[in-house]
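Here's the structure we're looking at; comments come further down.
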Amino acid sequence: MILTPEEWVRQNTVQFLVQEKKYSKSAINTELIVELNGMKKRADIIVFKQEKPFIIVECKSPSVAISQETFDQIARYNLQMDADFLMVSNGINHYYCQMDFENQRYLFLKELPKK
């Protein structure tokens with residue numbers, strides 16, 4: 001596998017989730033296929049809790065600015081997965097959100113919850 005800038009961000013984010021947030025490696029899947037409107041997409045990282053998606057992470061290359069489009073992309077993935085938390089990172093900037101399903105929006109957080 002070639003270590004692209006995005007892959008570097010993905011690998012470091014997995015380490016962050018394991019070492020800092022204490023999620024087990026076995027609860028973390030990378031590049032999981034998500035089907036949206038008949039099209040297959042890949043979610044960069046999904047943390048499962050009791051066999052349900054708990055956190056979805058979208059990784060971008062450090063040269064890619066995080067934009068509303070990035071949040072729209074991860075929100076579309078979450079329409080299929082119903083994860084409680086979302087994370088977007090380009091290795092430099094990290095954003096964390098908690099889903100508010102009742103009001104169909106996400107709330108920004110200072111950090112993700114620990115396991």
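The values are calculated or read from the model by the stated rules, or taken from the named source; none is laboratory data. Keep in mind that what you see is a predicted model, and the values were worked out from it rather than measured. Note: ideal-geometry Cβ built from the backbone for every residue, glycine included; neighbour counts use all protein chains shown.
The set of residues from the range 1-44 being part of a loop (DSSP other than H, G, I, E, B) and among the aliphatic types (A, V, I, L, M) comprises M1, I2, L3. Filter the range 40-69 for residues that are β-branched (V, I, T) and either farther than 17 Å from R10 by Cα or surrounded by fewer than 18 Cβ atoms within 10 Å (Cβ to Cβ) (or both); which is farthest from the chain's Cα centre (by Cα)? Within the range 40-69, the match that is farthest from the chain's Cα centre (by Cα) is V64. Q15 meets the conditions (1) free of Cβ contacts under 8 Å to residues at least 60 places away in the same chain; (2) on the phi > 0 side of the Ramachandran plot in every case but one. The failed one is (2).
Scan the range 68-94 for residues that are assigned to a helix (DSSP H, G or I) and among the hydroxyl-bearing types (S, T, Y) and jot them down. Of everything in the range 68-94, those that are assigned to a helix (DSSP H, G or I) and among the hydroxyl-bearing types (S, T, Y) turn out to be T70, Y77.
Condition check ((1) out of contact with any Asp or Glu (no Cβ under 9 Å at 6 or more places or on another chain); (2) among the basic types (K, R)) across all residues:
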{"position": "S63", "(1), (2)": "yes, no"}
{"position": "A75", "(1), (2)": "yes, no"}
{"position": "M81", "(1), (2)": "yes, no"}
{"position": "V88", "(1), (2)": "no, no"}
{"position": "I92", "(1), (2)": "yes, no"}
{"position": "F101", "(1), (2)": "no, no"}
{"position": "K114", "(1), (2)": "no, yes"}
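Scanning the range 99-115 for residues that are without any contact (Cβ under 8 Å) to a residue 60 or more places away in the chain and either within 17 Å of D82 (Cα to Cα) or not charged (D, E, K, R) (or both) gives M99, D100, F101, E102, N103, Q104, R105, Y106, L107, F108, L109. When V18 is tested against the conditions (1) touching a helix residue (DSSP H, G or I) at 6+ places or on another chain (Cβ under 9 Å); (2) buried (at least 20 other Cβ atoms within 10 Å of the Cβ); (3) among the aliphatic types (A, V, I, L, M), the lone failure is (2). Restricting attention to the range 45-67, the residues that are outside any strand (DSSP E or B) and in contact with a Pro (Cβ under 7 Å, 6 or more places away or on another chain) add up to 3. Scoring L79 on the criteria (1) among the aliphatic types (A, V, I, L, M); (2) farther than 20 Å from V9 by Cβ; (3) at pLDDT 90 or above; (4) surrounded by fewer than 14 Cβ atoms within 10 Å (Cβ to Cβ) leaves a single failure, condition (3).
May I ask you to list the residues in the range 100-114 that are modelled with pLDDT of 90 or more and hydrophobic (A, V, I, L, M, F, W, C)? Matches in the range 100-114: L107, F108, L109, L112.
The numbered conditions (1) polar (S, T, N, Q); (2) touching a helix residue (DSSP H, G or I) at 6+ places or on another chain (Cβ under 8 Å); (3) in a strand (DSSP E or B) are all true for Q98 except (2).
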